[in-house]
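Inspection log for the structure reproduced underneath, given as structure tokens.
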Ligand code: GLY
Ligand code: MN
Ligand code: MN
């Protein structure tokens, strides 16, 4: 678990960048109804968690650098009736004692108190436009309007309203030791799940049965929930990038693509393995698989400090396009096919994204026309694929319906990289030895 001092350090770092005379307001995630009296499972907003560690809905955090009481929280107070139905809340006391708030108030007092707490700020940081903040945005707007009117009467004006997320996201994209440890735990749980799923897979099972094996292992390995809905895609479904129906029967001769990740302490793995359900690649499946495997190896080898985020994609793309030429799907040179985007029907997504609290994590990919340079502590996925859907152009019959993606989670280290999920089998030989080997 991330320690309370680490959350406090993050707030201090953020406040030192905001500067004196400013204040920031962050809002928790809200509960959402699923149906009837049932809510969707609640998960705290990632940025709110990153800065507070607080896991309840209906909360607001205020940061006031340079102030005697810089960290203020509004939370749901203790409620004996609610405690009977859904359990205890941290309450006002917990916000102070456990979460380190200098001041804490009931959330019901937000309207009457927030303006006063922000009254000496000349710069207000608030992330307008986030869906989950729609309950607090009107209040912020009213406070801004009141400050404008007050400035006419000689009070200190509010000079700027700014977005805090670029500052927080720049922090989130570089992981601390504790964050890497949480990610590694999530990845190790995911590895245990994939190992069990590979051993158990047989033709005739359904995609959701394999999903159940994965997710049972995650729970047993210490992961309370998944980072995103598991993709268990057999046969032609492997060509659908974010397939989540997971209802189909797995046929003899199908490839099974599993794109999945356990979550530990809010940090989520994101790993894909593709393997033959009956334990033997056909020659056609192996040809495609080997190209994607080599493309991924080239992408991972590219990761090191100083290289750009997009150069990882360039490295995988060259190998994939050469492979498409070797498979006689594309003609001409690698370069000309890349320039014409001719590979797009078969590889239509990027190679990488940042990974952390969100599966597609916070962080800039490109600024001022320049791709972000990698620095130690960043974690990115490397996930090339080839998707040869039967209705895609120029796919020979023997290759139709083959979709392959291989995805690993890679930490940038001072000397290069560490593939955090590299122990999860991905070679043809290792997969053939493992798939179906369970009792
Ligand atoms: N699992 C979603 C992705 O790979 O980006
Ligand atoms: Mn994935
Ligand atoms: Mn991914």
* Asked: Label 7 Å along Cα→Cβ of residue 328; region 381-401 residues with amide nitrogen under 15 Å?
  -> 394-400
* At q = 0.10, 0.12, 0.13, 0.14 Å⁻¹, what base-10 log of I(q)/I(0) does the Debye formula yield for the chain when every alpha carbon is treated as an equal point scatterer in vacuo? -> -0.79, -1.03, -1.13, -1.23
* Relative to the longest principal axis of the C-alpha atoms of the chain, give the angle of the C-alpha long axis of helix 283-302, reported between 0 and 90° and rounded to the nearest 10°. => 40
* Structure fact -> Expected unfolding gain across residue 1-residue 349 under the 0.36 nm per residue rule, minus the alpha-carbon gap, is 122.0 nm
* Asked: Sorted from fewest to most neighbouring beta carbons within 10 Å, what does the list 60, 428 look like?
  -> 428, 60
* Rounded to 5, percent antiparallel among DSSP beta bridges of the chain -> 80
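Working out 0.36 nm times the residue gap between residue 82 and residue 307, then minus their Cα-Cα distance, what length gain in nm do you get to one decimal?
Values: separation 225, 0.36 × 225 = 81.00 nm, distance 5.25 nm.
This chain segment gains 75.7 nm when fully extended.
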* Under 1.5 on a/c is rounded, so check that first for region 343-413, then, if it is not, pick prolate when a/b is larger than b/c and oblate when it is not; a ≥ b ≥ c are the square roots of the alpha carbon gyration tensor eigenvalues. => prolate
* Structure fact -> For residue 294 and residue 153, extending 7 Å from Cα along the Cα-Cβ vector and measuring point to point gives, in nm, a value of 7.6
* Structure fact -> Yeah, region 217-367 with a ≥ b ≥ c from its alpha-carbon gyration tensor (a/c under 1.5 is rounded, else prolate when a/b outruns b/c, oblate otherwise) is oblate
* To do: Go ahead and estimate [θ] at 222 nm for the chain from helices alone: -39,500 (n - 2.57) per DSSP H run with n ≥ 4, summed, over the residue count, rounded to 500.
  => -11000 deg cm²/dmol
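Could you tell me which of rounded, prolate or oblate describes region 1-145, using a ≥ b ≥ c as the square roots of the eigenvalues of the alpha-carbon gyration tensor, with rounded for a/c under 1.5 and, failing that, prolate when a/b is larger than b/c and oblate otherwise? If you can, show how the numbers build up before the last one.
On the way: a/c = 1.68, a/b = 1.38, b/c = 1.22.
Prolate is the answer for region 1-145, as a/c is 1.5 or above and a/b outweighs b/c.
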* Asked: Which part of region 104-140 falls in the paramagnetic zone of residue 68, meaning amide N under 16 Å from the point 7 Å along Cα-to-beta-carbon?
  -> 104, 117-120
* Cβ-derived FRET efficiency at R0 56 Å, residue 335 paired with residue 108, nearest 0.05 -> 0.30
* Cα centroids of region 182-237 and region 96-137: how far apart, whole angstrom? -> 40
* Modelled label-to-label distance, residue 162 and residue 119, 7 Å Cα→beta-carbon offset: nm? -> 2.4
* State, to one decimal in nm, how far the label point of residue 170 lies from the label point of residue 364, with both points 7 Å from Cα in the Cβ direction. => 0.7
* Between region 304-324 and region 1-34, the Cα center-to-center distance that results, in Å -> 36
* Asked: With axes computed from alpha carbons, what is the tilt in degrees of helix 4-18 against the longest principal axis of the chain, rounded to the nearest 10 within 0 to 90?
  -> 70
* Asked: Counting other C-beta atoms within 10 Å, which of 18, 198, 171, 4 has the fewest, and how do the rest follow?
  -> 4, 171, 18, 198
* To do: Please determine, in degrees from 0 to 90 and to the nearest 10, the orientation of helix 309-326 with respect to the longest principal axis defined by the Cα atoms of the chain, where the helix direction is its Cα long axis.
  => 20
* Structure fact -> Footprinting proxy, 161, 334: sorted fewest to most Cβ within 10 Å, the residues are 161, 334
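Say R0 is 35 Å: what FRET efficiency, to the nearest 0.05, do residue 128 and residue 98 get from their beta-carbon distance? Don't jump to the answer; show the numbers that get you there.
On the way: r = 30 Å, r/R0 = 0.85.
Computed FRET efficiency for residue 128 and residue 98: 0.70.
Just so you know, all these numbers are worked out from the coordinates, no wet-lab data involved. What you see is a predicted model, and the numbers here were worked out from it, not measured in a lab. All Cβ positions, even for glycine, are placed from backbone atoms using ideal geometry, and neighbour counts span all protein chains on display.
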